[in-house]
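The next block holds one structure in the form of structure tokens; read it before the comments.
The values are calculated or read from the model by the stated rules, or taken from the named source; none is laboratory data. Only a predicted model underlies this, so the values are computations on that prediction, with no experimental measurement involved. Neighbour counts are summed over all protein chains in view; Cβ atoms, including those assigned to glycine, are modelled from backbone coordinates with ideal geometry.
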Amino acid sequence: MGVVNVTPDSFSDGGRYLDARAAIGHGEQLAADGAAILDVGGESTRPGADPVTEEEELRRVVPVVEGLAGVARVSIDTSKARVAAAALDAGAGYVNDVTAFRGDPDLAGLVAERGVDCCLMHMLGTPRTMQQDPRYDDVVSEVKAFLEQRLAYAVGEGVAEERVMLDPGIGFGKTVEHNLELIRRLDEIVALGRPVVFGVSRKSFLGKLTGRDVGERAVATAAANVLALERGASIFRVHDVPETVDALTVAAATLTDRWPATSPRTTTTTT
Ligand code: HH2
């Protein structure tokens, strides 16, 4: 899953693709690099981010979804039902909600009615406050219980269980140690039985571990994604698609139960 942020303030690429043409061109490149899904977002969820209005979010994302709908599968990264509805009308087929249907009472019903796939993510607090001293007794058990409960809520609202994917929300109300523990024990989240989405890309704990700036975290991102694959994650949300595709292709080929696996960029193997 390649990230297409149509925002002025995203933590790693804010402002680069605010213009619809630039965002579409970027999405096309990510698809050419091997992304099967393009996740289009018009509101930053970085720590401390200010919410944007519905009108502004619609203005940012709808032309980009339209432009990318024929290029790859398009996901809309939003917690607002009106934005999701407009994006689905424009050709998106997947709703990625970082609030796990807690942000807008109408979003679960919309996903149910349209019969599309969705991702429900764990977050402690809100983007404004989530990194202010997050605490858990056992981060993995608590994230798992939350996701189980949100899955039950979605099903109760009419969403087919097989349409739901779950995400531990790396970096959303978590310290470095919380993130590492979630990666170490990701198999416990996978045990919920739904495909797991893993979004580690360029996040600040990778910078804390490596000392690297945000644009220099592709290798760190790939390392974490390889471990997540080994523990059973299914979808990898990243900014650095070529590096991630290479890392996951080699890792998947090495994990014998997932062989044969070839890169989406290659059709033949010569060595
Ligand atoms: N992370 C971000 C945004 N959306 N969705 C899912 N399912 N999982 C994630 O880990 C996730 C997400 C944050 O990354 P980014 O979009 O690059 O930054 P920003 O929120 O500042 O736009």
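In region 129-158, the residue that is farthest from E188 (Cα to Cα) out of those that are surrounded by 19 or more Cβ atoms within 10 Å (Cβ to Cβ) and of a type in the set (K, R) is R150. Somewhere in region 195-217, is a residue out of contact with any helix residue (DSSP H, G or I) (no Cβ under 8 Å at 6 or more places or on another chain), under 19 Å from D33 (Cβ atoms), part of a loop (DSSP other than H, G, I, E, B) and modelled with pLDDT of 95 or more? The answer is yes, given that some residue of region 195-217 is out of contact with any helix residue (DSSP H, G or I) (no Cβ under 8 Å at 6 or more places or on another chain), under 19 Å from D33 (Cβ atoms), part of a loop (DSSP other than H, G, I, E, B) and modelled with pLDDT of 95 or more. Show the residue pairs meeting these rules: Cβ distance below 8 Å; 6+ apart or different chains; first residue within region 10-39 and more than 24 Å from P127 (Cβ to Cβ); second residue among the hydroxyl-bearing types (S, T, Y) and away from the ligand (no atom under 11 Å from the Cβ). Correct list of pairs: G34/S263. For first residues located in region 103-124 and without any contact (Cβ under 8 Å) to a residue 40 or more places away in the chain, partners that are among the aliphatic types (A, V, I, L, M) and within 13 Å of the ligand (Cβ to nearest atom) and lie 6+ apart or on another chain with Cβ distances below 9 Å form the pairs L107/V95; L110/V95; R114/V95.
Note on region 111-191: enclosed helices (runs of 4 or more DSSP H) holding 3 or more residues that are within 13 Å of the ligand (Cβ to nearest atom) and either modelled with pLDDT of 95 or more or within 19 Å of the chain's Cα centre (by Cα) (or both) are 139-156, 176-184.
From the list E216, E161, E188, the one residue that fits, being closer than 21 Å to R46 by Cβ and surrounded by fewer than 23 Cβ atoms within 10 Å (Cβ to Cβ), is E216.
Residues are listed down the side, and each one gets a yes or a no for (1) farther than 25 Å from A87 by Cβ; (2) of a type outside the set (A, V, I, L, M); (3) in contact with a strand residue (DSSP E or B) (Cβ under 9 Å, 6 or more places away or on another chain):
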residue	(1), (2), (3)
H122	no, yes, yes
V143	yes, no, no
E148	yes, yes, yes
R163	no, yes, yes
